[in-house]
Every structure is written in structure tokens, then in C-alpha cells.
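The values are calculated or read from the model by the stated rules, or taken from the named source; none is laboratory data. Remember, it's a predicted structure, so these values are computed and weren't measured experimentally. Ideal geometry is used to build each Cβ from the backbone, glycine not excepted, and the neighbour counts take in all protein chains shown. What goes into the accessible areas is simple: the full protein's heavy atoms, side chains included, and nothing from ligands, DNA or RNA. Shrake-Rupley method; radii C 1.70, N 1.55, O 1.52, S 1.80 Å.
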Amino acid sequence: MSAINATDASDVLSQYQLKQQSGAEGNSELGKNEFMELMLAQLKNQNPLEPQDNGEFISQLAQFSSLEEMQKLSGNVDDVVGQFRSTQALQASAMVGKSVLAPSQIGLLGAEGVVDGTIEVPASTGGLRLSVQNQQGELVRQIDLGSSPAGVKSFSWDGQDGNGNQLPPGPYRIVAEASYPEGQQQLSTMVSANVDSVSLGQGGSVTLNLAGMGSIALSDVKQIN
């Protein structure tokens with residue numbers, strides 16, 4: 001190693017930090033060795049008339065130790081995050097083929113001929129109504145659910161129109177409305193749907209692909225049936 005004068009080695013810790021941040025080749029052990037070599041070179045080349053203060057020397061060593069521990073902690077956190085994402089992906093994959101309850105206005109009428117879901121009622125109402133529309137936007141069924149207190153109200157549509165005829169399978173729009181003194185208010189609905197597949201995105205995000213409803217984030221699922 002070439003000689004290093006006191007001026008060049010005046011800030012050993014800064015040199016070590018710059019090396020780590022620049023992504024220089026070599027592992028962390030090499031970085032430790034270089035740090036100690038620079039530190040010894042600084043001590044050898046310091047001005048005898050103005051020797052380095054013991055407190056400053058100890059402070060540099062303490063900062064180096066702190067930096068090393070932070071790097072180890074960062075690596076441990078990355079490992080934990082990776083394990084968590086793997087576990088989350090494994091749990092999500094186990095949901096394929098199951099039915100979940102998710103926010104949507106689209107219900108897929110399948111071979112079983114039933115669409116189930118819930119309505120979020122913000123305040124008690126004397127008139128709760130469910131309307132079902134086909135893909136052309138035509139009203140095919142209207143169901144009066146009567147009065148309801150504030151909370152979550154379950155509903156089930158048997159797949160029939162107003163005349164009792166069974167409608168063909170496919171997606172249908174579900175619209176829930178409540179009567180209040182100020183007028184009709186459209187309410188949020190949640191519909192049961194089957195999970196067809198699971199997608200893993202960048203950053204470990206998990207997306208569920210639902211039959212007839214498209215994709216939703218795993219965090220949007222409110223219930224697994």
C-alpha cells in the first residue's frame with residue numbers, strides 16, 4: 001500500500017463511507033481491512049507536534065462500528081422482508097379456487113345461478129333496494145330489501161329476472177340504493193367471486209385475478225368464503 005500522508009488520511013471514516021456508497025468491488029471484509037490500514041497510516045503519518053486526540057480516535061472507531069452494525073441490520077431487515085413476501089405469496093396461492101368477498105359492483109352469474117354479496121349501509125334506512133343490470137345496461141331485476149339498520153347487509157340474487165325466468169351466465173351490474181330524507185343514495189357493495197389465479201408484482205405486491213371481476217389487491221379482500 002502506498003504511503004498516505006496526514007492530510008490525505010485526515011478523514012478515514014469518510015473515505016470508507018464513500019467506498020461503501022459507490023458500490024466499489026470487494027466484500028465487506030475487504031472494506032474493514034482497508035479502514036484499518038488507512039487508520040494506521042494516519043497514525044504513522046500524523047504530525048508529531050499535533051498528534052491526533054485520543055477522543056477523536058475513539059470517536060472514529062465508534063462511528064465505524066456503528067456503520068458496520070447498521071449495514072448488518074439493513075441486511076437482516078432485507079432477509080425478513082423477503083421471507084414475509086414469500087410467505088404472503090404462498091398464502092395467496094392457496095386462495096386459488098376459493099371464493100372471496102371483495103369491493104365490486106360486478107357479479108358473475110355462474111352455473112350455480114346465484115350471486116351473493118353485501119351492502120354497506122351508512123345509516124338506518126326504511127327502503128333498501130337492489131337493482132341488477134345486464135351488460136347492455138338494461139334493468140333485469142329489482143329486489144326490495146325493506147328497512148335496514150346501519151351496518152353490513154347481506155344479499156343473494158337467484159339469477160332470475162322479474163318474471164322468474166333464469167338469466168344466462170355472465171357478468172351483471174349490482175346497484176344498491178337506500179332511501180333517506182334527502183333522497184336516494186347509492187351504496188357500496190361487495191360481491192363474492194372465485195379466485196382464478198394470483199400475480200406477483202414488483203416490490204412483492206400480490207394481486208388476485210377474480211373470475212368476471214378483473215384484478216384486485218390482496219389487501220382489498222374482506223373475507224374468504
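Residues that are surrounded by 14 or more Cβ atoms within 10 Å (Cβ to Cβ) and polar (S, T, N, Q) within segment 152-183 comprise Gln160, Ser179, listed in sequence order. Looking at Ile143, Ile224, Ile119, Ile174, which one is under 22 Å from Gly97 (Cα atoms) and out of contact with any helix residue (DSSP H, G or I) (no Cβ under 6 Å at 6 or more places or on another chain)? None of the others qualify; the one that does is Ile224. Within segment 188-203, is even one residue closer than 21 Å to Arg129 by Cβ, open to solvent by 50 Å² or more (accessible area, probe 1.4 Å) and not in a strand (DSSP E or B)? Yes - at least one qualifying residue is present in segment 188-203.
Taking Arg129, is it closer than 30 Å to Asn209 by Cβ and open to solvent by 40 Å² or more (accessible area, probe 1.4 Å)? Steps first, answer last, please.
Values: closer than 30 Å to Asn209 by Cβ: no; open to solvent by 40 Å² or more (accessible area, probe 1.4 Å): yes.
Answer is no for this residue.
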